[in-house]
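Scroll down for the structure; my scribbles are underneath it.
None of the figures in this text is laboratory data; all of them are computed from the coordinates on show. What you see is a predicted model, and the numbers here were worked out from it, not measured in a lab. Cβ placement follows ideal geometry from the backbone for every residue including glycine, while neighbour counts extend to all protein chains displayed.
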Amino acid sequence: MKSIIVYGSEYGATKRYAEHLSEMTGIECVNYKDAKDVEKYDKVVYLGALYAGGVTGIKKTVAKMTENQVLIVATVGLADPTDAENVQNIRNSLKNQIPAAFYNENKIFHLRGAIDYNKLGLKHKLMMSLLHSKVSKQPESEQNAETRAMLETYGKIVDFVDFNSLEAIKNVILSNN
Ligand SMILES: Cc1cc2nc3c(=O)[nH]c(=O)nc-3n(C[C@H](O)[C@H](O)[C@H](O)COP(=O)(O)O)c2cc1C
């Protein structure tokens, strides 16, 4: 089976995961902006950073795929990927970003990323600042994994990247279905 790893990353955390997964599996990895021949592969492993629930680059990539291909998805975000409500929110949003034929919960994973506020572009800094002033006024009972992660990391440099979490994805990639 021919496979390729494609990634969408703004600041590098998702790229680091993709490059490490490439080393673990021997499968080539490529930025979605440079992925021209996605339709040639049996399996497409897509790693995408989460921005306001959207998975960077995934729509453009699946638009090049046909239904006989298998799609494996891993999202990379700051909110806790072991929180059930967070996972449900990410998946509900993913359903609006990829065709139903590619949506298979056994092939969807969630990884934790990183953020360095010193490196954020102006647009992202502004988005986070607006979100922070809104969320910091909410009572704790109204907060969820996403808003908690935002409040805890706001203005900081944090790195939750954990390559051990790639092991489960590797097993699905190397399986025969
Ligand atoms: C404007 C903005 C929006 C974000 N939205 C989300 C989000 O919806 N869910 C989440 O878990 N993380 C969110 N994050 C955190 C990023 O997903 C996280 O920093 C990720 O590691 C970025 O990956 P990258 O370095 O590959 O771009 C957001 C970050 C920014 C700056």
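Can you tell me which residue among 67, 19, 85 is surrounded by fewer than 19 Cβ atoms within 10 Å (Cβ to Cβ) and more than 24 Å from residue 115 (Cβ to Cβ)? Give the derivation first.
Working: 19 fails: more than 24 Å from residue 115 (Cβ to Cβ); 85 fails: more than 24 Å from residue 115 (Cβ to Cβ).
Matching residue, one of 67, 19, 85: 67.
Residue by residue, here is whether (1) within 11 Å of the ligand (Cβ to nearest atom); (2) closer than 23 Å to residue 17 by Cβ; (3) in contact (Cβ under 8 Å) with a residue 60 or more places away in the chain; (4) surrounded by 10 or more Cβ atoms within 10 Å (Cβ to Cβ) holds:
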| residue | (1), (2), (3), (4) |
| --- | --- |
| 95 | no, yes, no, yes |
| 115 | yes, yes, yes, yes |
| 150 | yes, yes, yes, yes |
| 169 | no, yes, yes, yes |
Would you mind stating whether residue 75 is among the hydroxyl-bearing types (Ser, Thr, Tyr) and outside any strand (DSSP E or B)?
no
Got a number for residues in segment 101-159 being under 19 Å from the mean Cα position of the chain (by Cα) and among the acidic types (Asp, Glu)?
4
Here the residues within segment 1-27 that are over 16 Å from residue 74 (Cα atoms) and without any contact (Cβ under 8 Å) to a residue 40 or more places away in the chain are 23, 26
So, of the residues in segment 1-58 that are more than 16 Å from the ligand (Cβ to nearest atom) and assigned to a strand (DSSP E or B), which turns out to be nearest to residue 95 (Cα to Cα)?
44
